[in-house]
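Chemist: Just passing along the structure, written as structure tokens.
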Amino acid sequence: MTERIRPPWWLKYVNKAMIGLHRLGIGFGGKGPVVLTVVGRKSGKPRSTPVTPMTVDGKRYVVGGLPGGDWAANARAAGEATIQTGRRSERVRMVEIPAEQARPLLRAFPIEVPTGVGFMKNAGLVSGPNPDEFEALAGRCPVFRLDPA
């Protein structure tokens with residue numbers, strides 16, 4: 001069975017607020033969160049969650065902040081998603097990166113997405129922005145490359 005960490009109680013409310021802001025057309029610029037919408041693997045309904053992509057060597061990636069997260073399982077099953085930034089949306093293919101290839105991407109995460117460090121620290125996955133600790137999450141936290149659909 002896949003390891004699963006329960007999200008904090010407040011996450012659902014913060015996510016709904018972020019999604020609402022995006023629906024109103026309020027984006028957060030190039031480095032901020034976007035709304036990832038993927039078809040649910042069980043329900044078949046669209047499921048949305050805020051994620052913060054990072055760019056490494058000209059390619060965009062997203063890191064699953066909690067092992068066993070539903071959005072990652074849905075992305076694996078669907079293979080594609082929609083990314084919404086403000087009122088602009090884009091179809092993408094979700095390509096999961098194998099753990100060994102994900103290591104350098106996870107090392108880059110605390111530099112590229114510093115806002116994600118606190119979330120992962122609060123989840124008990126890391127103690128701070130140490131790249132070695134993030135690299136050690138390979139195989140626990142999924143990494144997806146976002147390719148044009």
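The values are calculated or read from the model by the stated rules, or taken from the named source; none is laboratory data. These figures come from a predicted structure and were not determined experimentally. Virtual Cβ from ideal backbone geometry, glycine too; neighbours counted across all protein chains shown. These accessible areas exclude ligands, DNA and RNA; they are computed on the full protein's heavy atoms, side chains included. Shrake-Rupley method; radii C 1.70, N 1.55, O 1.52, S 1.80 Å.
Chemist: Could you give every pair whose Cβ atoms fall below 9 Å, whose first residue belongs to the range 58-83 and is farther than 17 Å from residue 108 by Cα, and whose second residue is among the hydroxyl-bearing types (Ser, Thr, Tyr) and open to solvent by 50 Å² or more (accessible area, probe 1.4 Å), counting only separations of at least 6 or pairs across chains?
Modeler: Here the result reads 67/2; 68/2; 73/2; 82/89; 83/89, each pair linking the range 58-83 to a residue that is among the hydroxyl-bearing types (Ser, Thr, Tyr) and open to solvent by 50 Å² or more (accessible area, probe 1.4 Å).
Chemist: If a residue has to be open to solvent by 30 Å² or more (accessible area, probe 1.4 Å) and in contact with a Leu (Cβ under 7 Å, 6 or more places away or on another chain) to count, how many in the range 57-85 make the cut?
Modeler: 2
Chemist: Is there a residue in the range 83-90 that is within 18 Å of residue 120 (Cα to Cα) and either modelled with pLDDT of 95 or more or assigned to a loop (DSSP other than H, G, I, E, B) (or both)?
Modeler: No.
Chemist: Return the residue satisfying two criteria in turn: it lies in the range 13-33 and is under 17 Å from residue 70 (Cα atoms) and at pLDDT 70 or above, and of such residues it is most open to solvent (accessible area, probe 1.4 Å).
Modeler: The extreme case among them is 16.
Chemist: Among 41, 6, which is modelled with pLDDT of 70 or more, part of a loop (DSSP other than H, G, I, E, B), under 21 Å from residue 134 (Cα atoms) and open to solvent by 30 Å² or more (accessible area, probe 1.4 Å)?
Modeler: 6
Chemist: Only residues that are open to solvent by 20 Å² or more (accessible area, probe 1.4 Å) and assigned to a helix (DSSP H, G or I): list them for the range 115-127, please.
Modeler: Once the filter is applied, which keeps residues that are open to solvent by 20 Å² or more (accessible area, probe 1.4 Å) and assigned to a helix (DSSP H, G or I), the range 115-127 yields 115, 118, 119, 121, 122.
Chemist: Right, next: Looking at the range 87-114, which of its residues are within 18 Å of residue 33 (Cβ to Cβ) and surrounded by fewer than 12 Cβ atoms within 10 Å (Cβ to Cβ)?
Modeler: Answer for the range 87-114, where residues must be within 18 Å of residue 33 (Cβ to Cβ) and surrounded by fewer than 12 Cβ atoms within 10 Å (Cβ to Cβ): 87, 88.
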